[in-house]
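The values are calculated or read from the model by the stated rules, or taken from the named source; none is laboratory data. Small disclaimer: the values here were computed from a predicted structure and weren't measured. Virtual Cβ from ideal backbone geometry, glycine too; neighbours counted across all protein chains shown.
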Amino acid sequence: MSNTSAKGASSKSSGGQLDAQKIAQGVWSNYVKKTPQRVKLLDSFMLFLVAVGALQFLYCLIVGNFPFNAFLAGFSATVGQFVLTASLRMQTNPENKTEFQSISHERAFADFVFGSLILHFFCINFIN
């Protein structure tokens, strides 16, 4: 009796795993087919920023954070740049055209560059 319940549970979990795999494959194929190249480029930069932030945090945990203000400045720069890039992605995504009608792509990029300069200026000043 316990064998049949164990088999039923394993088939349910493997069926759920297959469903999750099919959903992930469907989302990925839809992303590859329908997402413009410019948005994919921004997404890859955001993925890079997540990796850099994770590496900085891991380094802080393993080695230590002796110049703590340097860690905070670097991590803040990474998180801030991620937020600015996410804002640029939202404003330049063709699917959001109705929500950002008054903002041109050039204006959104200029805001991104200006915000990045201000962010990095404060982070460099924070290092001291």
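Annotations
- Of all residues in region 17-58, those that are under 15 Å from Met90 (Cα atoms) and out of contact with any Leu (no Cβ under 7 Å at 6 or more places or on another chain) total 11.
- Evaluation of Gly74 against the conditions (1) surrounded by fewer than 11 Cβ atoms within 10 Å (Cβ to Cβ); (2) modelled with pLDDT under 95 shows that the sole unmet condition is (1).
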